[in-house]
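A.B. asks: Pasting a structure below so you can have a look.
The values are calculated or read from the model by the stated rules, or taken from the named source; none is laboratory data. Everything numeric here is computed off the predicted structure, so don't read it as measured data. Cβ: placed from backbone, ideal geometry, glycine included. Neighbour counts: every protein chain shown. Note: areas computed on protein heavy atoms with side chains; ligands, DNA, RNA excluded. Shrake-Rupley method; radii C 1.70, N 1.55, O 1.52, S 1.80 Å.
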Amino acid sequence: MKTIESFFEPFPMLETERTLLRPLTYDDLEDMYSYCVVPAVSEFTTWDAHQSKEDTKVFLDFVMSRYETDLIGPWGIEDKHTKGLIGSCNYLGCDSDNRRVELGYVLSDQFWNQGYMTEVVKRIIQFGFDEVGLERIQARCLVENTGSAKVMEKAGMQFEGVLRKYMKVKNELQDLKMYAIVKEDFYTRVK
């Protein structure tokens, strides 16, 4: 049985109608900083808004090490029209034995409420089921993060419940909503 990580060698380039999903590079530093510095973008994430371009470089250093050591790392979301980086998305917590991943994503506030993230999430769900052979794809968000919950619902994921006091986010234990889609639902409902 192939591991999930083995599908990232070489790194899979994916496309949607408006985006190209590709590896992040150091050339993305300026674009990434421009949205990571915005407090609203990091409001519901585990990380704080970037205070300097050095914060963004440290994150990119981490990403580059993930590409090298674990193979798997985030896709950069490039807007096909502007050719600029507008966000990232990735598979977290890969479990090859149970054929399961969790999704994580962030998008520039300049592109909110335009369907970009739903488009991207649908594409990486399709890749997971069609190419990787996953059985379950899940994602969590803070209870207050209605935007992320809407993305998951529009991408065909089902709300499974609230995980109470599940994870420390910015030094406080938070309740998280759990969403998931399984392969059989994807092929019968979503496609």
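A.B. asks: Please list the non-local residues whose amide H lies under 5 Å from the amide H of Met167, H modeled 1.01 Å from N, same-chain partners needing a gap of 5 or more.
C.D. replies: Answer set, sorted by chain and number: Gln174.
A.B. asks: To continue, here is another question. Shape of the range 9-116 from its Cα gyration tensor (a ≥ b ≥ c, root eigenvalues): rounded if a/c is under 1.5, otherwise prolate when a/b > b/c, or oblate?
C.D. replies: Working: a/c = 1.44, a/b = 1.25, b/c = 1.16.
Here the range 9-116 falls in the rounded category.
A.B. asks: Before I look further, what does the range 130-188 give for accessible area per residue, probe 1.4 Å, in whole square angstrom? Show your work: numbers first, answer last.
C.D. replies: Details: 3320 Å² over 59 residues.
I get 56 Å² per residue for the range 130-188.
A.B. asks: Ordering Arg189, Arg99 by accessible area with a probe of 1.4 Å, largest first, what comes out?
C.D. replies: On the way: Arg189 120, Arg99 30 Å².
Greatest to least solvent exposure: Arg189, Arg99.
A.B. asks: Protein chains only, probe 1.4 Å: how do Thr3, Thr118 rank by accessible area, largest first?
C.D. replies: Numbers: Thr3 60, Thr118 20 Å².
Ranked from most to least accessible, the order is Thr3, Thr118.
A.B. asks: Under a Cβ-only charge scheme (Lys and Arg +1, Asp and Glu -1), can you give me the dipole magnitude of the chain about the Cα centre, in debye to the nearest 20? Spell out each step's value before the answer.
C.D. replies: On the way: 24 positive and 32 negative charges, 125 e Å.
Result for the chain is approximately 600 debye, rounded to the nearest 20.
A.B. asks: Quick one: compute the contact order of the chain, relative version, from alpha carbon pairs under 8 angstrom and 6+ residues apart, as a percent.
C.D. replies: On the way: 313 pairs, mean separation 34.9, N = 191.
Relative CO of the chain lands at 18 percent.
A.B. asks: Also: By the gyration tensor of its Cα atoms, with a ≥ b ≥ c the square roots of the eigenvalues, what is the shape of the range 125-191: rounded for a/c under 1.5, prolate for a/b over b/c, or oblate? Could you put the intermediate results ahead of the total?
C.D. replies: Values: a/c = 2.69, a/b = 2.13, b/c = 1.26.
Prolate, since a/c reaches 1.5 and a/b exceeds b/c.
A.B. asks: So for the chain, taking the charge dipole from beta-carbon charges (+1 Lys/Arg, -1 Asp/Glu), which of Leu134, Val38, Ile72 sits furthest toward the positive end?
C.D. replies: Going by the charge dipole, the pick is Leu134.
A.B. asks: Considering only protein heavy atoms and a 1.4 Å probe, what is the carbon-and-sulfur percentage of the accessible area of the range 1-141?
C.D. replies: 49
A.B. asks: Where does the chain land at 222 nm, in deg cm²/dmol rounded to the nearest 500, when only DSSP H runs of n ≥ 4 count, each adding -39500 (n - 2.57), divided by all residues?
C.D. replies: Working: 5 runs with 50 residues, N = 191.
After summing the helix terms and dividing by the residues of the chain, the value is -7500 deg cm²/dmol.
A.B. asks: Let me ask something additional. Let me know the shape class of the range 51-93, please: from the alpha-carbon gyration tensor, a ≥ b ≥ c as square roots of the eigenvalues, rounded when a/c is under 1.5, otherwise prolate if a/b is greater than b/c, or oblate.
C.D. replies: Because a/c hits 1.5 or more and a/b fails to exceed b/c, the range 51-93 counts as oblate.
A.B. asks: Structure shown: which of Lys80/Lys183; Lys154/Lys177; Lys57/Lys150; Lys122/Lys168; Lys57/Lys168 lie over 22 Å apart, alpha-carbon to alpha-carbon? Don't skip to the end; give the middle numbers.
C.D. replies: Details: Lys80/Lys183 29 Å; Lys154/Lys177 15 Å; Lys57/Lys150 31 Å; Lys122/Lys168 28 Å; Lys57/Lys168 24 Å.
In this structure, Lys80/Lys183; Lys57/Lys150; Lys122/Lys168; Lys57/Lys168 exceed 22 Å between Cα atoms.
A.B. asks: Normalised by the number of residues in the range 103-191, what is the relative contact order in percent for Cα pairs under 8 Å and 6+ residues apart?
C.D. replies: Details: 107 pairs, mean separation 25.5, N = 89.
After rounding, I find 29 percent.
A.B. asks: With contacts defined as alpha carbon pairs under 8 Å and 6 or more residues apart, what's the relative contact order of the range 24-99 in percent?
C.D. replies: Numbers: 76 pairs, mean separation 21.3, N = 76.
28 percent.
A.B. asks: At 1.4 Å probe size, with no ligands or nucleic acids counted, give the accessible surface of Tyr26 in Å², nearest ten.
C.D. replies: Using a 1.4 Å probe on the heavy atoms, I get roughly 100 Å².
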